[in-house]
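> Starting off with a structure, shown below.
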Amino acid sequence: MPQLVGGAHHALSIGELSERSGVAPSALHFYERNGLISSERTSGNQRRYRRDALRRVAFIRVSQRVGIPLKEIRASLDSLPEGRTPTKRDWSRLSRLWRSELDARIAALEHLRRDLDGCIGCGCLSLKACRLQNPEDTLGDGGTGPRRWEPGSRDPDTGDSEGPDA
């Protein structure tokens with residue numbers, strides 16, 4: 001909701017929004033071009049943002065920080081009634097929806113950490129160690145690229161799931 005200053009709604013300039021949000025003007029322009037925030041133009045063609053843009057920018061930045069792609073953030077913002085700014089209840093609902101995706105990313109990172117020193121996924125480069133894990137490049141028969149890092153991939157020796165969807 002815009003704040004009343006001297007009896008009139010006080011909209012923020014790009015500089016004020018940047019300073020208050022800690023986000024560079026170029027990033028704010030990018031967010032606007034991609035439909036994440038909006039502005040109105042003055043008669044001098046300067047951007048003016050409603051004060052609730054601060055909360056939208058905070059929502060965008062926190063969502064990005066936890067790894068949510070901008071496309072998903074935009075879809076989430078678009079799902080709000082009348083394009084309103086997210087509330088605490090909205091954040092709780094959306095964060096529950098994103099939880100499984102974040103859990104899958106965490107599992108993939110844990111897998112990477114566990115196997116980083118001995119395997120790069122097999123099928124992409126023939127490291128000496130891969131001769132033990134992938135004799136005669138048998139994983140290459142399953143397709144190009146790293147086979148052990150594909151979601152839901154199985155260890156050819158044990159049959160266990162190895163990918164982020166395991």
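The values are calculated or read from the model by the stated rules, or taken from the named source; none is laboratory data. In this text the structure is predicted, and so the values were computed from the model without any measurement. Cβ atoms come from the backbone with ideal geometry, glycine included; neighbour counts cover every protein chain shown. The protein model used for the area step is the full one, side chains on, heavy atoms only, and it has no ligands, DNA or RNA in it. Shrake-Rupley method; radii C 1.70, N 1.55, O 1.52, S 1.80 Å.
> What spacing in nm lies between the two simple spin-label points modelled at Lys71 and Trp98, each 7 Å away from Cα in the Cβ direction?
Between Lys71 and Trp98, the simple spin-label model gives 1.6 nm.
> Moving to a separate point now. Please report the net charge: other residues with Cβ closer than 11 Å to the Cβ of Ser13, K and R +1, D and E -1.
Numbers: positive: Arg20, Arg47, Arg48; negative: Glu16, Glu19.
Summing Lys and Arg as +1 and Asp and Glu as -1 gives +1.
> How much solvent-accessible surface does Arg48 expose, in Å² to the nearest 10, with a 1.4 Å probe and all protein chains in place?
About 70 Å², rounded to the nearest 10.
> Would you kindly state how much longer the chain becomes between His10 and Glu40 on full extension, computed as 0.36 nm times their sequence separation minus their alpha carbon distance, in nm to one decimal?
Roughly 9.6 nm would be gained on extension.
> Right, another one. What length, rounded to one decimal in nm, is gained on full extension from Leu80 through to Arg33, with 0.36 nm per residue of separation minus their alpha-carbon distance? Intermediate values should be presented prior to the final figure.
Values: separation 47, 0.36 × 47 = 16.92 nm, distance 1.90 nm.
Full-extension gain reported as 15.0 nm.
> Follow-up question, since we're still on this one. Residue by residue through region 55-72, which ³J(HN,Hα) values in whole Hz follow from phi under the Karplus form 6.51 cos²θ - 1.76 cosθ + 1.60 (θ = phi - 60°), with glycine and proline marked x?
Running phi through 6.51 cos²θ - 1.76 cosθ + 1.60 with θ = phi - 60° gives 5, 4, 5, 4, 4, 4, 5, 5, 4, 5, 4, 8, x, 7, x, 4, 4, 5 Hz.
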